[in-house]
1. Give me 38, 8 ranked fewest to most by other Cβ atoms within 10 Å of their Cβ, as a rough exposure proxy.
2. Which value in deg cm²/dmol, rounded to the nearest 500, describes the helix-derived mean residue ellipticity at 222 nm for the chain, given -39,500 (n - 2.57) per DSSP H run of n ≥ 4 and division by the residue count?
3. Please compute the modelled spin-label separation between residue 20 and residue 38, points set 7 Å along Cα→Cβ, answer in nm with one decimal.
4. Can you return the aspartates and glutamates within cross-link range of residue 36? Criterion is Cα-Cα under 13 Å, with same-chain partners fewer than 8 residues away left out.
5. With the calculation restricted to Cα positions, what are the radius of gyration and Dmax of the chain in angstrom?
6. Which order do the peptides 49-59, 22-32 take when ranked by the mean count of other beta-carbon atoms within 10 Å per residue, highest first?
7. Based on alpha-carbon positions alone, could you give the equivalent ellipsoid semi-axes of segment 44-98 from the gyration tensor, as √(5λ), descending, whole Å?
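The numbers here are math on the coordinates, done by the rules we state, and not lab data. Predicted, not measured: the structure shown is a model, and the values here were computed from it. As a convention, Cβ positions derive from the backbone with ideal geometry for all residues, glycine included, and neighbour counts pool all protein chains shown.
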Amino acid sequence: MTKGWQIFGNRIESAIQENIVNRLAKLQQVHYWPDKTFNLGKIPNLHSLIPYSLEARKPVFDCTSADGLRGAHISRARDSVQYFEPIAERLLTVINSI
């Protein structure tokens, strides 16, 4: 978490837990990360990859040099699947339980 976000970090974490996690947990719609936290400040910033993804009309993690990515962007895009995969798996679990 950046220094600026540390000002609100504890308040955000408890608000997320109380207002989102606790409510969704009752519906089995929470993905529990290995460290058991829901720290939004730890979500990586993929903003520089999003325009390429939008232009290519495909997920960030499927973008390659053919879509305009260069250097470190290529591995960062490929590695971003680790952020999207657990979310997609949880959504499929929720959808399949309906």
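1. 8, 38
2. Details: 5 runs with 49 residues, N = 98.
Taking each H run of at least 4 residues, the total per residue is -14500 deg cm²/dmol.
3. It works out to 0.7 nm between the two label points.
4. In chain and number order, the partners are 13.
5. Final numbers for Rg and Dmax: 16.3, 44 Å.
6. Details: 49-59: 13.6, 22-32: 11.7.
With the highest mean Cβ count within 10 Å placed first, the list reads 49-59, 22-32.
7. 25, 11, 8
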